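Derivation of every value follows stated rules applied to the coordinates shown; laboratory data play no part. Computed from a predicted structure; not experimentally measured. Heads up, the Cβs are rebuilt from the backbone with ideal geometry, glycines too, and the neighbour counts pull from every protein chain shown.
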Amino acid sequence: MKREELFREIGSIDDHLIEAAGNYEKAKGKRGISKKWMTALVACLVLYSSTSTVLLATEYYKHQSKELYIRYLTAEDMKLEPAEEYDAEKFLRALKSDNDEHVYIATNRLVECFNDPKLRIKALNELKPFVANDNQKIADAAAFAVDVLSKSYQSPYIYKLSDGSMIFTLFNHYSDYGSQNVLWRIKDNVLKVYLSFSEPSMYIKELIPSPDRKLVAVVTCSNKSEFIEIINVEKGRVSPELVESARVKFGAQNRLDTWIRSDHENYSFANNIEWKDNDTLEFEGSLAYQDTEMIKNVTVAYAFSKKDLKVTGLNQAKNP
Amino acid sequence: MEDHEIVHLFLQRSQRAIIETKNKYGAYCRVIARNILSNDSDVEECENDTYLAAWEAIPPHLPRKFPVFLGRLTRNIALDKHGYNTAKKRNREFEVMLTELEGCLASPRTVEKEYEAGELANLISQFLYDTEVRARNIFIRRYWYSDSIGDLAMRFNMSSSKVKSILFRTRKKLRAYLDKEGGYL
């Protein structure tokens, strides 16, 4: 017989027994305070409580204006007024500078004029000559800025998504490692920062939309590590970071020493990143363990909607 | 409303029977269900299933003690739900209680005797009638109402260890009694 069956059988014991146990008073036989005294005590407590509450409330409101209360400190709060605002004129002036770096930065930053019709036209006219600049980086940046500001959206760096919005990065491939770690989005003809990354995701290396363009795999990196996140831009959902997740999962599966560093560098990399279908991203991972003493090559598959991460060893024979 | 009036509403197939039952015994059923289940939505579902089961049972069944009848329904429905839930979702306190009952079961080496439905319950009732009142009530509150050890300690004004010790002794006696009466478990 199972314990559950015994429990069920006990359920069928005589009604009188159950009723008697049900009516058994709490703490029967315990000497308590008489009802009269209890009533008096409760009355005193109520009186004391209400008086003290009123006094406390009065004191609170008296001092409320003097109290320092900060619910949440934003970066803007920390800067104090006047807050730093986007200064298009500063960047337009910088275009006339002899310093190529300043010109390059200004060219990219002028894309931010997009939402102001007058400034947009002005920036567009000022930027057009730079498309033929001798410096290839400046010329490419100007071509991209002109493409966005003229709303032609022909650049291969602009990713058109299924919801009609577009995402892109500025400072495209400014470094060997990638582009600026800020993701911009134009939706309903309005340009906004969609997502920005912090260290160690110092660069956006690649944006890879799913075949149906509902999801985007964002590959970010530092000079030591690579990271991948999948974003459903329309719904605002982001997957866990996949390279580190794969490293931790594979480490746990194979009982490897898997420390997470305080700077979140994982010394791991992803190759051959591709969408297997509209929901599943697959890549080959090169995962580091024991301070890079051990490198494990794996295949990682992540199904976004199921949140299912599969990590399998690849060519394990090659690894010591 | 008196219990016999509620039962009468059930017999008349009046929808008010459910409302009156819920008003009078809703909290009672929820307590029993909550002692077995851990999830609030399961408890709520169990309470509603109890009303439905009562609606289907009366008539032809005519409960002599309406709260015991409802409690029994709640208990059985909650137990079914508990069995259906995965281990992760189960009420741990109730699992502990079931584990305690294992002490009353025979060892796997003995041959179990088949028994008629209700026959074992009659034997347990007989045993409980012969047991000292306080130990009997503690046993029933623990294994029928599924009260926690803490609640029992408070209700019976004694320490938790004392409650555990009384329950242990009662289970041991029950095991011996059932062995003597025919090796039921």
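Give the residue that is nearest to B:ARG16 (Cα to Cα), with candidates limited to residues of region B:36-72 that are without any contact (Cβ under 8 Å) to a residue 24 or more places away in the chain, part of a helix (DSSP H, G or I) and within 14 Å of chain A (Cβ to nearest Cβ).
Among them, the one singled out is B:PHE69.
Quick one: which of A:ALA301, A:ALA252, A:ALA288 is in contact with a Lys or Arg (Cβ under 8 Å, 6 or more places away or on another chain), over 30 Å from A:LYS187 (Cβ atoms) and surrounded by fewer than 18 Cβ atoms within 10 Å (Cβ to Cβ)?
Answer to the selection: A:ALA301.
Looking only at region A:249-259, decide whether some residue is out of contact with any helix residue (DSSP H, G or I) (no Cβ under 6 Å at 6 or more places or on another chain) and of a type in the set (Val, Ile, Thr).
The first filter runs over region A:249-259 and keeps only residues out of contact with any helix residue (DSSP H, G or I) (no Cβ under 6 Å at 6 or more places or on another chain), leaving A:249-257, A:259.
Okay, now just the ones that are also of a type in the set (Val, Ile, Thr), so none.
No, region A:249-259 contains no residue that is out of contact with any helix residue (DSSP H, G or I) (no Cβ under 6 Å at 6 or more places or on another chain) and of a type in the set (Val, Ile, Thr).
I'm trying to understand the selection: among the residues of region B:127-170, which are touching a residue at least 40 places away in the same chain (Cβ under 8 Å) and under 18 Å from B:LEU105 (Cα atoms)?
B:PHE127, B:ARG142, B:TYR143, B:TRP144, B:LEU167, B:PHE168
Report the residue count in region B:1-22 for those that are free of Cβ contacts under 8 Å to residues at least 12 places away in the same chain and under 22 Å from the mean Cα position of the chain (by Cα).
Residues meeting the conditions: 0.
What number of residues in region B:1-48 are within 23 Å of B:HIS82 (Cβ to Cβ) and acidic (Asp, Glu)?
5
Before we move on, is B:VAL96 in contact (Cβ under 8 Å) with a residue 12 or more places away in the chain, away from every other protein chain (no Cβ under 11 Å) and outside any loop (DSSP other than H, G, I, E, B)?
no
Being of a type in the set (A, V, I, L, M, F, W, C) and in a loop (DSSP other than H, G, I, E, B), is that true of even one residue in region A:151-161?
Yes, region A:151-161 contains a residue that is of a type in the set (A, V, I, L, M, F, W, C) and in a loop (DSSP other than H, G, I, E, B).
Among the residues of region B:143-166, which ones are in a helix (DSSP H, G or I) and within 14 Å of chain A (Cβ to nearest Cβ)?
Within region B:143-166, B:TYR143, B:GLY150, B:ASP151, B:LEU152, B:ALA153, B:MET154, B:ARG155, B:LYS162, B:VAL163, B:ILE166 meet the criteria.
Considering (1) buried (at least 17 other Cβ atoms within 10 Å of the Cβ); (2) part of a strand (DSSP E or B), say which one A:LYS192 fails and leave the rest.
In the conditions (1) buried (at least 17 other Cβ atoms within 10 Å of the Cβ); (2) part of a strand (DSSP E or B), A:LYS192 misses (1) alone.
Taking the condition at the interface with chain A (Cβ under 7 Å from one of its Cβ atoms), in a helix (DSSP H, G or I) and over 17 Å from B:ASP151 (Cβ atoms), does B:LEU101 pass? Give the steps one after another, and end with the answer.
Values: at the interface with chain A (Cβ under 7 Å from one of its Cβ atoms): yes; in a helix (DSSP H, G or I): yes; over 17 Å from B:ASP151 (Cβ atoms): yes.
Spelling it out, B:LEU101 is indeed at the interface with chain A (Cβ under 7 Å from one of its Cβ atoms), in a helix (DSSP H, G or I) and over 17 Å from B:ASP151 (Cβ atoms).
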